[in-house]
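Derivation of every value follows stated rules applied to the coordinates shown; laboratory data play no part. Small disclaimer: the values here were computed from a predicted structure and weren't measured. In this analysis, Cβ positions are derived from the backbone assuming ideal geometry, glycine residues included, and neighbour counts consider all displayed protein chains.
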Amino acid sequence: MRKALQLAERGRGLTSPNPMVGAVVVDRDGVLIGRGSHEVAGGPHAEVYALNAAGPGARGATLYCTLEPCSHTGRTGPCAPLVADAGIARVVVATEDPNPLVAGRGLQLLRERGLVVVTGVLARDAERLNGPFFTFMRARRPFVTMKVAVSADGKIAAGPGERTLLTSEAANRQVHRDRAETDAIAVGSGTMLVDDPTLTARRSFRPRPLTRVIFDGRLRTPPSARIFTTLDAGPVIIVGYPRAAASRGAAAELRDAGAILEFPADGRIGTALEALAAKGITSLIVDGGAALHRAFWHAGVVDRVQVYVTTRVLGERGVSWLPFDVMASPHITERSSRALGDDVLLEAYVHRTY
């Protein structure tokens, strides 16, 4: 199963909105005779590649798969019948598929065809690998990563309203690798007004456009913002308060600039995330600023936290991030750290939401 999980990793950033899946076929003597991974959304599934590689040797063999073989027809045909038809005797899966169209039906079909089915092997690893897919299917919203860069003394800017670059080149490369793997990136209106970012994924290949989301309750984003010069990189969605829909002048100017406007009826972040999920967005990096981070945290929709700690010291005039220590929260689990040049990336998951 660990080999299958390693194979699944090959699809990182390439398979959304589908999950990353790996599969291996092992014959009766314990020899690996077939392997495969889901390479791109709409392409053949991992089981198909593994079975094709195994050929006639699949008869009587064991299939290890990181996710339950599907039983429905989407852009490709169902895999569960193919597994049974290939003569596989035993199927070991890490997790059931949370997709309501599958949800155990693939395993049921295999059992009805006489195959031995084992589930739950390295299940937590498999679910963590596909956090966005599982969150999307279970909660009907994107998997949310709250990302921030702070100085050594915990500040995010040198002063109020000041654009402040903190991270090293090594950390910046990691930021753009992460952007290449996510469906969308979000900022608040304050960040737009101060930094005027384009929110693109530089130096990285993306099979899908990167959706940029601006949480701008009062529609303060100027139509001249640089982000509207990069619409070829992906759509720009502006989420406003319901009452902002009446601001016909500002709304019309932003639409003319190329923005897609969303006005959640109740003004809640959770409702906005449901609207993004309806557009096929399964993962979202919330890049700031502090007000938006605080709103997401208190809404209970943060799944992962990334804190880039830099060597700079900004002093008393610097702007603090949040009025509480996120990493010390009882909701935080699976903390990790790694060096990126002179910076350190702290990562953790939030168990209350996933």
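Some points to look at:
- Among the candidates T282, T221, residue that is without any contact (Cβ under 8 Å) to a residue 40 or more places away in the chain and among the β-branched types (V, I, T): T221
- Being among the hydroxyl-bearing types (S, T, Y), more than 21 Å from G114 (Cβ to Cβ) and surrounded by 15 or more Cβ atoms within 10 Å (Cβ to Cβ) holds for only one residue in T62, T66, T73, and it is T66.
- Whichever residue in the range 189-218 is touching a residue at least 60 places away in the same chain (Cβ under 8 Å) and buried (at least 21 other Cβ atoms within 10 Å of the Cβ) and, among such residues, is farthest from L292 (Cα to Cα): T211
- Meets criteria (under 24 Å from the mean Cα position of the chain (by Cα) and of a type in the set (D, E, K, R)) for R255: no
- For the range 123-151, a tally of residues being of a type in the set (V, I, T) and in a helix (DSSP H, G or I) returns 1.
- Across the range 115-122, a minimum of one residue is classified as over 27 Å from V350 (Cα atoms) and either assigned to a loop (DSSP other than H, G, I, E, B) or within 19 Å of the chain's Cα centre (by Cα) (or both).
- C65, sole failed condition from (1) assigned to a helix (DSSP H, G or I); (2) closer than 23 Å to G120 by Cβ: (1)
Yes/no matrix, rows are residues, columns are (1) out of contact with any Asp or Glu (no Cβ under 7 Å at 6 or more places or on another chain); (2) crowded, with 18+ Cβ neighbours inside 10 Å; (3) under 15 Å from I156 (Cβ atoms):
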| position | (1), (2), (3) |
| --- | --- |
| R317 | yes, no, yes |
| L322 | yes, no, yes |
| P330 | yes, no, no |
| L340 | yes, yes, no |
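- Residues in the range 35-78 that are acidic (D, E) and under 21 Å from the mean Cα position of the chain (by Cα): 2 in all.
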